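The values are calculated or read from the model by the stated rules, or taken from the named source; none is laboratory data. Please read these numbers as outputs of a predicted model, since none were measured by experiment. Counting neighbours? That spans all protein chains shown, and the Cβs are built from the backbone with ideal geometry, glycine included. All accessible areas refer to the heavy atoms of the entire protein, side chains included, with ligands and DNA or RNA removed. Shrake-Rupley method; radii C 1.70, N 1.55, O 1.52, S 1.80 Å.
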Amino acid sequence: MPSVTVAIVAGEASGDNLGSGLMAELRARCPDVRFIGIGGPNMEAQGLDSLVPMDALAVNGFVDPIRRLPALIRILRLLLARIRAERPAVLVGVDFNVFNLLLERRVRRSGIATVHYVSPSVYAWRRGRVRRIARAADMLLALYPFEPAFYSGTPVRAVFVGHPLADAIAPDAGSPAARLAARRALGLPGDALVVALLPGSRLSEVRLMGTVFLEAARLLAAQRPDVRFVVPCLRPAIAAWLAEAGTAYPDLALSAYEGNARQALTACDGALVKSGTSTLEAMLLRRPMVVSYRLGAVTYWIVRRMLRTPFVALPNILAGRRLVPELLQDAATPAALAAALVAELDKARAEPEYLAEFERLHLLLRRHADARAAEAVAAWLPASAQRETERSHP
């Protein structure tokens with residue numbers, strides 16, 4: 001049987017993870033499938049013929065995309081030429097919204113089906129983007145159950161597939177045994193009160209949030225002398241910033257390691273977390289948390305006027321009510337953060353059912369997202385591939 005070609009494009013590490021999971025499931029359904037596009041090491045490990053290194057798409061902030069616009073346009077044109085020449089059964093754009101929606105819209109005009117994987121945050125702001133997405137994509141794969149409703153009344157078919165993070169984190173991943181193992185790995189005492197500080201994964205975020213979190217830690221330590229703090233440093237630049245900033249807090253029992261947030265959240269009793277995906281990870285591990293965020297004054301003024309949701313923390317958005325405290329901008333003082341976290345820790349000890357809603361939301365998102373996404377994308381493969389799918393997955 002002739003091979004089936006699928007084009008797939010990711011521009012960031014998170015998209016590389018999503019894309020590789022989708023590719024593995026598609027290959028399980030159709031062993032002859034071949035992949036072209038752009039992706040990182042995980043997607044390349046699944047057999048992606050990547051036109052350029054994924055790092056060539058990397059942009060940060062507001063100025064960098066403008067400065068790199070000529071290079072990005074060249075990559076876009078190269079992709080378009082390759083896709084139009086090879087005529088894949090479908091193009092999947094994995095997140096990376098501005099670039100991929102631009103690509104998808106042009107590919108769709110060529111008569112090739114398009115799928116956009118991960119809905120932009122249309123529930124939060126710029127709901128007019130729904131129309132833009134509908135012009136670019138035949139199908140949208142949504143990570144959250146409330147997202148497809150935003151696309152009703154448009155031609156795009158929106159499908160809730162679940163969140164791969166909810167699949168990756170087992171329901172018992174935050175158990176006492178897992179907590180103790182994580183503490184041993186980090187060199188933390190098993191019986192101490194441990195608080196994770198997660199000021200962000202980008203240095204710009206850490207510069208905005210890090211000192212506030214360290215000040216809150218100092219105040220918390222004054223109330224709970226046995227407390228230990230752990231900080232994940234995703235990048236060497238963050239570790240260097242923390243090493244310098246930490247000299248102002250010589251009495252703080254502060255541990256840091258190079259790596260992502262998972263180990264710190266598994267080891268901790270509670271966390272101060274910058275708003276973002278780490279709030280979801282903390283929820284999946286059943287950890288009490290206080291969510292915070294700070295922006296530059298002008299940026300915050302603009303963002304507040306664009307927001308269309310009462311919440312910024314993913315647990316609160318998913319629940320449709322306040323599950324965890326949100327202290328944003330001027331409200332995010334060290335004293336307020338410390339007091340809120342003490343209250344959450346006390347609440348978790350006094351009310352065992354407090355975290356039951358976290359478990360319910362975990363199960364809601366735990367839907368074998370890679371497989372469901374592959375099933376949805378497989379609908380665009382030719383009939384011969386569909387028959388192979390049926391033989392492979394009776």
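Contact map, region 57-86: residues that are farther than 20 Å from Leu203 by Cβ and among the β-branched types (Val, Ile, Thr) paired with residues that are at pLDDT 70 or above and not in a helix (DSSP H, G or I), Cβ distance under 6 Å, separation 6+ or inter-chain. Pairs shown: Ile75/Val52; Ile83/Ala7.
Yes or no: region 98-113 includes at least one residue that is basic (Lys, Arg) and more than 19 Å from Val130 (Cβ to Cβ).
Of region 98-113, the ones basic (Lys, Arg) are 105-106, 108-109.
Subsequent filtering for residues that are more than 19 Å from Val130 (Cβ to Cβ) retains 106, 109.
Yes - at least one qualifying residue is present in region 98-113.
Could you list, in sequence order, all residues of region 7-38 that are more than 13 Å from Ser50 (Cβ to Cβ), under 22 Å from the mean Cα position of the chain (by Cα) and not in a helix (DSSP H, G or I)? Of everything in region 7-38, just one residue is more than 13 Å from Ser50 (Cβ to Cβ), under 22 Å from the mean Cα position of the chain (by Cα) and not in a helix (DSSP H, G or I), namely Glu12. Among residues of region 244-269 that are over 16 Å from Val227 (Cα atoms) and touching a residue at least 12 places away in the same chain (Cβ under 8 Å), those with a beta-carbon under 8 Å from a residue that is open to solvent by less than 80 Å² (accessible area, probe 1.4 Å) and of a type in the set (Phe, Trp, Tyr) at least six positions away or on a different chain give the pairs Gln263/Tyr257.
Among the residues examined, Glu215 qualifies as open to solvent by 10 Å² or more (accessible area, probe 1.4 Å), outside any loop (DSSP other than H, G, I, E, B) and touching a residue at least 60 places away in the same chain (Cβ under 8 Å).
Residues that are in contact (Cβ under 8 Å) with a residue 24 or more places away in the chain, open to solvent by 20 Å² or more (accessible area, probe 1.4 Å) and out of contact with any Leu (no Cβ under 8 Å at 6 or more places or on another chain) within region 340-350 comprise just one, Lys347. Within region 18-34, the set of residues being of a type in the set (Lys, Arg) and open to solvent by less than 10 Å² (accessible area, probe 1.4 Å) is empty.
So which of Val312, Val324 is within 30 Å of Leu220 (Cα to Cα), buried (at least 18 other Cβ atoms within 10 Å of the Cβ) and modelled with pLDDT under 90? Sole residue among the options that is within 30 Å of Leu220 (Cα to Cα), buried (at least 18 other Cβ atoms within 10 Å of the Cβ) and modelled with pLDDT under 90: Val312. Can you name the residue in region 111-169 that is polar (S, T, N, Q) and either over 26 Å from His362 (Cβ atoms) or at pLDDT 95 or above (or both) and, of all such residues, is surrounded by the most Cβ atoms within 10 Å (Cβ to Cβ)? Filtering first and then ranking leaves Thr114. Screening the candidates Gly15, Gly37 for the property of being on the phi > 0 side of the Ramachandran plot and surrounded by 24 or more Cβ atoms within 10 Å (Cβ to Cβ) yields one hit, Gly37. Here is the figure for region 176-212: residues that are touching a Gly at 6+ places or on another chain (Cβ under 6 Å) and either assigned to a strand (DSSP E or B) or surrounded by fewer than 19 Cβ atoms within 10 Å (Cβ to Cβ) (or both) total 2. The residues in region 69-95 that are in contact with a Gly (Cβ under 6 Å, 6 or more places away or on another chain) and open to solvent by less than 30 Å² (accessible area, probe 1.4 Å) can be counted, and the count is 1.
Taking region 136-171 as the range and being under 25 Å from Glu281 (Cα atoms) and charged (D, E, K, R) as the test, the residues that pass are Glu147, Asp167.
Quick check on my filter: what residues within region 155-175 are of a type in the set (Val, Ile, Thr), assigned to a loop (DSSP other than H, G, I, E, B) and within 30 Å of Asp138 (Cβ to Cβ)? Talk me through it step by step, then tell me what you get.
Initially, region 155-175 is screened for residues of a type in the set (Val, Ile, Thr), giving 156, 159, 161, 169.
With the extra rule that they be assigned to a loop (DSSP other than H, G, I, E, B), the set shrinks to 156, 161, 169.
Residues satisfying the conditions are Val156, Val161.
Can you tell me how many residues in region 257-284 are touching a Cys at 6+ places or on another chain (Cβ under 9 Å) and either surrounded by 19 or more Cβ atoms within 10 Å (Cβ to Cβ) or within 18 Å of Leu208 (Cα to Cα) (or both)? Counting residues in region 257-284 that are touching a Cys at 6+ places or on another chain (Cβ under 9 Å) and either surrounded by 19 or more Cβ atoms within 10 Å (Cβ to Cβ) or within 18 Å of Leu208 (Cα to Cα) (or both) gives 1.
Only one of Leu295, Leu337, Leu272 is touching a Ser or Thr at 6+ places or on another chain (Cβ under 7 Å), among the hydrophobic types (A, V, I, L, M, F, W, C) and either outside any helix (DSSP H, G or I) or modelled with pLDDT under 90 (or both). Can you tell me which? Please lay out each step first, then the result.
Working: Leu295 fails: touching a Ser or Thr at 6+ places or on another chain (Cβ under 7 Å); Leu337 fails: either outside any helix (DSSP H, G or I) or modelled with pLDDT under 90 (or both).
Checking each option against the conditions leaves just Leu272.
Within region 84-104, does at least one residue satisfy the condition of being within 25 Å of Leu361 (Cα to Cα) and either in a helix (DSSP H, G or I) or β-branched (Val, Ile, Thr) (or both)? Looking through region 84-104, at least one residue is within 25 Å of Leu361 (Cα to Cα) and either in a helix (DSSP H, G or I) or β-branched (Val, Ile, Thr) (or both). Taking region 350-366 as the range and being in contact with an Asp or Glu (Cβ under 9 Å, 6 or more places away or on another chain) and either in a helix (DSSP H, G or I) or under 18 Å from Gly19 (Cβ atoms) (or both) as the test, the residues that pass are Tyr354, Leu365.
Checked against the criterion of being assigned to a helix (DSSP H, G or I), touching a helix residue (DSSP H, G or I) at 6+ places or on another chain (Cβ under 9 Å), at pLDDT below 95 and surrounded by 18 or more Cβ atoms within 10 Å (Cβ to Cβ), region 218-240 contains one or more residues that satisfy it.
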